[in-house]
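The values are calculated or read from the model by the stated rules, or taken from the named source; none is laboratory data. Keep in mind that this is a model prediction, so the values were computed, not measured. Every residue, glycine as well, gets a Cβ built from its backbone with ideal geometry; the counts of neighbours run over all protein chains shown.
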Amino acid sequence: MLERYTRPEMGKIWSDENKYEAWLKVEIAATNAWSELGEVPKEDAAKIAQNASFTPERVAELEQVTHHDVVAFTRTVSESLGPEKKWVHFGLTSTDVVDTAQGYILKQADAIILQDLHELKKTIAEKARKYKNTVEMGRTHGVQAEPTTFGLKLARWYAEIKRDIERFEHAAKGVESGKISGAVGTFANVPPAVETSVLKQLGLTQQPITSQVLPRDLHAEYIATLALIATSIENWATEIRSLQRSEIHEVEEHFRAGQKGSSAMPHKRNPIGSENLCGMARVLRGYIITAYEDVSLWHERDISHSSAERVILPDTTIGIDYMLNRFNRILTNLDVFPETMLKNMDKTYGLIYSQRLLLKLIDEAGLSREDAYDMVQKLTTRSWNEGISFRKLVESSPIMDYLSEDDVADAFDYHYHLRHVDEIFKKVGLE
């Protein structure tokens, strides 16, 4: 991932230094496991745990000779040890180390992502409660529909991020796995007890069966889950972009002192943060295809997935970390304009109350739905075409033969539409 979109903590997790640290943890955990079984002398296992070391530079140097990164690594580690070095990588195949270490690295990345998710969830909750009763025009098909509140919009986001967290926690368990089962998954040269011990030491989950590698449907589900979280962010960012349009202008990304919106137009204040996140979501969704294609490997394993994962796993975790943090900042500092929200409700001449009027004619006046609909629609058409107040047309129409002035006033009261807000908030978990 580009440095521009890489936060330091997550970037460090995907460094060569951290990768080799994870490899070393697996090797040390394996010698400890062998020691528990009595195969490796305890003093040798202790020396390996205490003295084993590496430098990324030396690994890179030896890889130029071996053309095999794991062999270069184990030889680098062996150079730091005495006779006990013979137990390094004992009974293991390269992917025992690489896949298990990758699970450990993903566990580190997942801890950051989960924290990001909960922090954003908290921000959404705070904003939802703040704007719980801030009336706003609800829109369908981009057209004004009926009154809602800005808080209800945020409550939907809150429910969505709760689902995102549930999906993420499930998918994360799958990739926070390891395997120490040998070249084709039969435990031919390393007993199952070693795998159990290693994964317990590293805090990783254990799959019931593997080949030379962990099953890649786990990683496909994981990437798809991160892409879905990115799509949630895109959904929210798109809403901000739409509401920031000059014609609507109900919210605005905070514009800092000295910030410029255009090299040509000094007045411009663009939702660049939200636009940026929509673009990032496209990138992350693109990786779903690669992750799915990595599932189908030849027989007990080929290496076709490896090069792809070197790109998609760092990029996706780094990308979602960036997206969650940037959107959190956008929402935290979002400028909201309740007065404009209220003013925008008048742009359609009161037509937003047409359904309420229709139902009163059916329920209280006893008209058939067809007659009531035609009566109301005739007035809404004239109101829209001529730019006349819908309520004034109603008050001078035959509808007044069926409804009282109080009935009409009640039909045009937006508070009626918001009477269940408290109940909805409670259902979402925002009471």
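A few comments on the model shown:
- Scanning segment 1-22 for residues that are surrounded by 18 or more Cβ atoms within 10 Å (Cβ to Cβ) and of a type in the set (Lys, Arg) gives a single hit, Lys19.
- Pairs where the first residue, in segment 23-41, is surrounded by fewer than 24 Cβ atoms within 10 Å (Cβ to Cβ) and the second is among the aromatic types (Phe, Trp, Tyr), C-beta under 6 Å, 6+ apart: Val40/Trp34; Val40/Trp87
- Segment 219-249, subset of a type in the set (D, E, K, R) and assigned to a helix (DSSP H, G or I), residue nearest to Arg269 (Cα to Cα): Arg241
- Across segment 28-44, a minimum of one residue is classified as aromatic (Phe, Trp, Tyr) and either out of contact with any helix residue (DSSP H, G or I) (no Cβ under 6 Å at 6 or more places or on another chain) or under 21 Å from Pro192 (Cβ atoms) (or both).
- Residues of segment 378-400 that turn out to be aromatic (Phe, Trp, Tyr) and surrounded by 14 or more Cβ atoms within 10 Å (Cβ to Cβ), as a count: 1
- Among all positions in segment 77-98, there is no residue which is assigned to a loop (DSSP other than H, G, I, E, B) and farther than 19 Å from Thr31 by Cα.
- Residue count for segment 284-336 under the criterion of being assigned to a helix (DSSP H, G or I) and touching a strand residue (DSSP E or B) at 6+ places or on another chain (Cβ under 9 Å): the result is 0.
- Scanning segment 387-431 for residues that are of a type in the set (Val, Ile, Thr), over 20 Å from Arg156 (Cα atoms) and either outside the structural domain of Val376 (by TED's automatic domain parsing) or in a helix (DSSP H, G or I) (or both) yields Val394, Ile399, Val408.
- All of Ala159, Ala193, Ala155 fail the test of being assigned by TED's automatic domain parsing to the domain that holds Met137, buried (at least 21 other Cβ atoms within 10 Å of the Cβ), in contact with a helix residue (DSSP H, G or I) (Cβ under 9 Å, 6 or more places away or on another chain) and modelled with pLDDT of 95 or more, apart from Ala155.
- Arg163 part of a helix (DSSP H, G or I), more than 30 Å from Asp413 (Cβ to Cβ) and not β-branched (Val, Ile, Thr): yes
- Leu226 being modelled with pLDDT of 95 or more and closer than 19 Å to Ala109 by Cα: yes
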